[in-house]
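The structure appears below as structure tokens.
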């Protein structure tokens, strides 16, 4: 009898409230402990830092000259309509470029899939199942035991992931960064393709110029052979000089055949770049492409290059995506909270399916806590940090390579311009020497060997002139590529800081 009041006292409202508070505190402490355990990321951290372009000294090598960046129509600067048509055809039909564009579309689809995680998911299920119920299971002893029944169901369901820790948002940002990187990479592929077409076309132009030199060499050596034959008939030369002269004609013809082979190979290469068969190369007319004055370098080249070269833009977006992947990996340590709900009708008698008594519905939250994963989450986080470091290292190397490529191209252009000036003088002197040697040989004051040596020097200088002009044209096209070919990063691009998710 004495214990009854105590029992009632223990169940009083005040005691119940105290008990609930104690239980709440205990649950809060447990949750805090769980969260603290979940957030134990270990010693994972980044070891790489995005290089500041200002730290890469280049002002003396690449001084600002108040020049303009290349435009998207840089091909037109070389004044060859056929080249313009070939470049457009390559962009339209090249399988490599079509593959790059397909990768962009696939990347955008993946971003859309990732975006769907931010919204509720609604589905509908309709089923009709013919089922035999066990005689010894849940329905034992009921009329349903051992019977066949038609089980029908119509049900709509809803699920929603409460993204408290921002995991889904970070995953979307990573997917969008990947998409932007893929888009920039497709533009890099486009630039590589167009410059490859233009530079191969310039090489074809150079080969035709070499062919002109080879034809002039044949004509000159035929003249020398005729002169030697005349001197032989006049008793001024022997059969030895005439035979030597004929041998030089055969040698020049061999050079011409070699150049013709190279021309056919260049045509085949252009056709392949266009995504066409080799017959397409046979339709290409002799190029009329002309070199133009070397453009002045733009100001702030090192900084502006970050948004002008598509490969650099792609590398920066890869860094951004990897940083967001780290944020996703960290969120995996925290509880996942979701809500599910369903409503519909279900019945063992199809005739009762749409009646009110067949209604079924439910709603409730779900919490998933990663307690023990055997080191999986930490290993995943370490892997994401390693991928981030790889992306940063690739970006830093891409920046260094971009500056080196630009500096090399500019240095070579300046050197070739100087070589062309000196070579023009050398060619003029060689042609003068050849003319004098020929005059002396005709007058019987010189030997055929002197003429051949003088002619060899002329041919060498002509080939050198052709090669220098071809190299200058190729370098000018290479400079277009090094400066981004008119590409410019779309507005809203990343600022280039180290992503917050990548901090240790």
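The values are calculated or read from the model by the stated rules, or taken from the named source; none is laboratory data. Quantities reported herein were computed from a predicted structural model and do not represent experimental measurements. Note: ideal-geometry Cβ built from the backbone for every residue, glycine included; neighbour counts use all protein chains shown.
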Go through the residues of region 166-181 one by one and say whether even a single one is touching a strand residue (DSSP E or B) at 6+ places or on another chain (Cβ under 9 Å), surrounded by 17 or more Cβ atoms within 10 Å (Cβ to Cβ) and within 30 Å of residue 330 (Cβ to Cβ).
yes
Find the residue count for region 132-159, including only residues that are at pLDDT below 85, within 29 Å of residue 364 (Cβ to Cβ) and out of contact with any strand residue (DSSP E or B) (no Cβ under 8 Å at 6 or more places or on another chain).
4
Among the listed residues 127, 134, 107, 152, which satisfies the condition of being loosely packed, with under 15 Cβ neighbours inside 10 Å and not in a loop (DSSP other than H, G, I, E, B)?
127
Taking region 364-396 and the residues there that are farther than 13 Å from residue 326 by Cβ and in contact with a helix residue (DSSP H, G or I) (Cβ under 8 Å, 6 or more places away or on another chain), the one that is surrounded by the fewest Cβ atoms within 10 Å (Cβ to Cβ) would be 371
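For every residue, the table says whether it meets (1) more than 28 Å from residue 486 (Cβ to Cβ); (2) in contact with a helix residue (DSSP H, G or I) (Cβ under 7 Å, 6 or more places away or on another chain).
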{"residue": "193", "(1), (2)": "no, yes"}
{"residue": "198", "(1), (2)": "no, yes"}
{"residue": "212", "(1), (2)": "yes, no"}
{"residue": "225", "(1), (2)": "yes, yes"}
{"residue": "247", "(1), (2)": "yes, no"}
{"residue": "252", "(1), (2)": "yes, yes"}
{"residue": "258", "(1), (2)": "yes, no"}
{"residue": "281", "(1), (2)": "no, yes"}
All conditions in (1) surrounded by fewer than 13 Cβ atoms within 10 Å (Cβ to Cβ); (2) without any contact (Cβ under 8 Å) to a residue 12 or more places away in the chain are true of residue 84 except (1)
Residues of region 430-439 being over 30 Å from residue 414 (Cα atoms) and surrounded by 19 or more Cβ atoms within 10 Å (Cβ to Cβ), which ones?
434, 437, 438
Can you find a residue in region 157-168 that is in a helix (DSSP H, G or I), farther than 30 Å from residue 280 by Cα and in contact (Cβ under 8 Å) with a residue 12 or more places away in the chain?
yes
From the options 279, 223, 262, residue that is within 27 Å of residue 471 (Cα to Cα) and out of contact with any strand residue (DSSP E or B) (no Cβ under 6 Å at 6 or more places or on another chain):
262
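Residue-by-condition table, conditions (1) out of contact with any strand residue (DSSP E or B) (no Cβ under 6 Å at 6 or more places or on another chain); (2) surrounded by fewer than 16 Cβ atoms within 10 Å (Cβ to Cβ); (3) at pLDDT below 85; (4) more than 29 Å from residue 243 (Cα to Cα):
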| residue | (1), (2), (3), (4) |
| --- | --- |
| 415 | yes, yes, no, yes |
| 418 | yes, yes, no, yes |
| 421 | yes, yes, no, yes |
| 441 | yes, no, yes, no |
| 451 | yes, no, yes, no |
| 456 | yes, yes, yes, no |
| 469 | yes, no, no, yes |
| 472 | yes, no, no, yes |
Which of the residues spanning region 324-374 are closer than 14 Å to residue 166 by Cα and not in a strand (DSSP E or B)?
324, 325, 326, 327, 328, 329, 330, 331, 332, 333, 334, 335
Taking region 289-314, which residues are part of a helix (DSSP H, G or I) and more than 19 Å from residue 193 (Cα to Cα)?
301, 302, 303, 304, 305, 306, 307
Quick check on residue 122: is it in contact with a strand residue (DSSP E or B) (Cβ under 8 Å, 6 or more places away or on another chain), surrounded by 11 or more Cβ atoms within 10 Å (Cβ to Cβ) and in a strand (DSSP E or B)?
yes
Filter region 276-288 down to the residues that are in contact (Cβ under 8 Å) with a residue 12 or more places away in the chain and assigned to a helix (DSSP H, G or I), then identify the one that is nearest to residue 49 (Cα to Cα).
281
Would you check if residue 463 is more than 45 Å from the chain's Cα centre (by Cα) and either over 26 Å from residue 186 (Cβ atoms) or at pLDDT 90 or above (or both)?
no
Looking at region 59-76, can you tell me whether even one residue there is within 17 Å of the chain's Cα centre (by Cα) and over 25 Å from residue 403 (Cβ atoms)?
no
Of all residues making up region 213-228, the number that are crowded, with 18+ Cβ neighbours inside 10 Å and either under 14 Å from residue 460 (Cβ atoms) or touching a residue at least 40 places away in the same chain (Cβ under 8 Å) (or both):
8
